[in-house]
Every structure is written in C-alpha cells, then in structure tokens.
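The values are calculated or read from the model by the stated rules, or taken from the named source; none is laboratory data. Computed from a predicted structure; not experimentally measured. Don't worry about glycine lacking a Cβ; one is built from the backbone with ideal geometry, like all the others, and counts go over all protein chains shown. Heads up: the accessible areas ignore ligands, DNA and RNA and are worked out on the full protein's heavy atoms, side chains in. Shrake-Rupley method; radii C 1.70, N 1.55, O 1.52, S 1.80 Å.
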Amino acid sequence: MRVFVAGATGAIGKQLVPLLVAAGHEVHGMARSESKQAMLYEMGAAPAVADALDPDQVADAVSRARPDVIVHQLTAIGALDTRHFDRDFALTNRLRTEGTDYLLSAGQAMGVRRFVAQSYGAWPYVRTGGPVKSEEDPLDPTPAREMRETLAAIRHLEQAVLGARWTEGIVLRYGAFYGPGTSMAPGGQQFEMVRRRMFPLVGDGGGVWSFIHVADAAEATVAAIKRGRRGIYNIVDDDPAPVAEWLPVLAQQLGAKAPMRVPRFVGRLFAGEAGVVMMTEARGASNAKAKRELGWHPVHSSWRQGFTAA
Ligand SMILES: NC(=O)c1ccc[n+]([C@@H]2O[C@H](COP(=O)([O-])OP(=O)(O)OC[C@H]3O[C@@H](n4cnc5c(N)ncnc54)[C@H](OP(=O)(O)O)[C@@H]3O)[C@@H](O)[C@H]2O)c1
C-alpha cells in the first residue's frame, strides 16, 4: 500500500515509518521543514514537506503521494506545565482540529481507503465508575477547566475521523508514551522530574494511568492500518495502574529517592487542577479490543519491565 504518514519525524513516526517500509509499503512521510528530508530518506520514506496547518500545502502533498492510507500522527506538545494545560496544547489542538480537517479533505479528494489518527486514551475518559475503561465508555463530560480545549480538540478529531463515511476512519487512543524520543525516557522531561524528586505523589495517588511503549504503539498502528475497522481502539499496555503504584517503582528504577507526598491543595498550587485530576482521578484503558480485533499484543506488556527498557 501507499501510506502517507503526517508526523513521520516524531516520537511515534520514527518507530512507525521503518516498520511500514519493512512490511513492504511505499511510505510518504510528511515533515514541516526541508531539513527533515534526509531523516525521512534514511528511514526509507519519500519526503513530503508541508505545513499541516496550511490546507493547500497539505492537499498538494497528499495528491502527489496518491496514498491508499493516511496516518495522522501530528502533535506539537513540547514541555508541559499542567497548570497551563490548554495553553501548552494550543498548537496540538490546532493540529487535532484544523490539521485533521485538512488531512481528511485532502484524503477524500484522493479517495483514500483508510484514515488512521492518533488520539489519547489515558486522562480523557470519564472519571466515574470503574478504574479501567473500554472504547464504549464515555469521555469526561466535565474536564478540569484548563483541559477543556484539549479535550474538545480530541473530541473533534475523533468525531471527524469516525464520521468520514467515505473511508475506514480509525482512531487510536494511545496510552501515555514512554520510550525513545518521548518525555518518559532518559533525559526526557518526566523521567528527569521523577529523578530530581520534582514529581510528587498528590493526594492518594489514585489516578489510574495506562502506558504504552512507543515501539508497541507503532506495531499496533501497523496492525490497524492492515486490519482495523472503522472505530476506536485503545492502544495501551496490559497493566493500568494508579500513580501511587507506578510512580514509586519508576523512582526506584531511576535510582531516585521515593517521591514526595503532598496533599491535593498543595498539588493544585504547582500542578493546577489538571495535574491533580491526572494524579488522583484519571482512569486507565483496556486493550482487550485491540488484542482481539487487531491481533496485536504489546511486547512491553507492563510498564514495570518496560520503563527499564526505555
Ligand atoms: N500518547 C502520548 O503519550 C503522546 C502523544 C503524542 C506526543 N507525546 C509526547 O509528547 C512529546 C512531544 O512530542 P511532540 O508533540 O513534539 O511530537 P513529536 O514526537 O515531535 O512529533 C510531532 C510530529 O508532528 C509534526 N508536526 C508538528 N507540527 C507540524 C506542522 N505544523 N506541520 C507539519 N508537521 C508537523 C512534526 O514534524 P517536524 O519533525 O517537522 O517538526 C513531527 O513529525 C514527546 O515526548 C512525545 O512522546 C505523547
């Protein structure tokens, strides 16, 4: 197949493109600047330079590639201060709204058979009921104030992709990435915060997180491109766990002191309501559907062993 990957040079793109090339697909990798062309050639992809927020450039890049499949992996998250969640996600939110719309209309013009898009499957789920959510469960109807725009952008992406009846629209709700090129790797923002004891355990640490190694996320994406059906798939590991469980283990693995414990009101001061919600109320996700329907199984089935391989 001819596969157009938007976001080919990112944390997930760098894992995904070589897998697609190895599987015999003709890959067209989109990047923002000419300077990324060499990296794309090295990965075995044909470079397509375009700004994802310019509809004409996107339409042009897609029409040149004439893809059978479009994969949307565009984000621009950078360093995150959870007190200003929506501010730090502003560009990503544009990529998830405008960027999705431009890719979809470019894809429709070329009659692409499948459109696979990156979504998020950790904190967006409803914060009531059981600790682990399936794709059938609703997203949070009342997100923390600083997360509203970000959740709205996620909803926009999902509804636009699932509503595109002219193609097989597939939404992958990835868990929190760890591994090469992510913020949860040696030198990455989150690992360093844990190492320096700047990632405290807030309240009871009861927020449940679902993780996924980026290499496993890439394998699941290949499976979705091949076998996915219109709909949503949680792409997470087998071991959703409360912060109170994974954070001390990670600290120990990084050779750091045990994380500090702070009450919610202190947590709110330095992590904002968004940070407190993620630490105390978030729900995890189940990968049962992805395993069943995509025939995919994460190699790093638990963060317990996976973090040390990151
Ligand atoms: N599920 C998760 O936990 C999750 C999901 C996403 C990201 N993250 C993490 O967030 C951190 C930061 O990642 P990031 O958001 O900076 O993503 P990234 O991994 O650097 O990838 C972003 C991709 O989108 C492309 N892109 C962004 N804006 C574009 C534009 N206007 N036009 C064309 N292409 C554009 C980038 O191209 P260029 O290379 O040309 O800039 C790159 O290929 C990483 O630690 C990552 O692991 C986590």
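Looking for something of a type outside the set (Gly, Ala, Ser), in contact with a helix residue (DSSP H, G or I) (Cβ under 9 Å, 6 or more places away or on another chain) and more than 27 Å from Glu136 (Cβ to Cβ) - is there at least one such residue anywhere in region 289-306?
yes
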Where Pro180 falls short, out of the listed (1) open to solvent by 60 Å² or more (accessible area, probe 1.4 Å); (2) under 23 Å from Arg261 (Cβ atoms); (3) within 14 Å of the ligand (Cβ to nearest atom): (2)
Regarding region 269-278, can at least one residue be identified that is closer than 23 Å to Asp81 by Cα and either basic (Lys, Arg) or free of Cβ contacts under 8 Å to residues at least 40 places away in the same chain (or both)? yes
Identity of the residue in region 46-85, more than 26 Å from Val27 (Cα to Cα) and over 16 Å from the mean Cα position of the chain (by Cα), that ends up most open to solvent (accessible area, probe 1.4 Å): Arg83
Over region 201-215, the set of residues farther than 27 Å from Val299 by Cβ and assigned to a strand (DSSP E or B) is Leu201, Val202
If only one of Ala160, Ala185, Ala164 is away from the ligand (no atom under 16 Å from the Cβ), touching a Gly at 6+ places or on another chain (Cβ under 9 Å) and outside any helix (DSSP H, G or I), which one is it? Ala164
Would you mind stating whether Ala274 is open to solvent by less than 40 Å² (accessible area, probe 1.4 Å), in contact with an Asp or Glu (Cβ under 7 Å, 6 or more places away or on another chain) and either at pLDDT 95 or above or on the phi > 0 side of the Ramachandran plot (or both)? yes
Would you please list the contacts, defined by Cβ atoms under 6 Å and residues six or more apart or on different chains, that run from a residue in region 137-164 that is touching a residue at least 40 places away in the same chain (Cβ under 8 Å) and under 16 Å from Gly231 (Cβ atoms) to a residue that is of a type in the set (Val, Ile, Thr) and surrounded by 19 or more Cβ atoms within 10 Å (Cβ to Cβ)? Leu157/Thr100; Glu158/Val171; Ala160/Thr100; Val161/Val171
Answer yes or no: is there a residue in region 261-271 that is under 21 Å from Pro131 (Cα atoms), basic (Lys, Arg) and either part of a helix (DSSP H, G or I) or open to solvent by less than 10 Å² (accessible area, probe 1.4 Å) (or both). yes
Could you check Ala61 against (1) touching a Leu at 6+ places or on another chain (Cβ under 7 Å); (2) modelled with pLDDT of 95 or more and say which number it fails? (1)
Which of the residues spanning region 25-72 are under 18 Å from Ile12 (Cα atoms), away from the ligand (no atom under 13 Å from the Cβ) and in a helix (DSSP H, G or I)? Tyr41, Glu42
Scanning region 79-93 residue by residue, the ones that are in a helix (DSSP H, G or I), in contact with a helix residue (DSSP H, G or I) (Cβ under 6 Å, 6 or more places away or on another chain) and closer than 14 Å to Gly275 by Cβ total 4
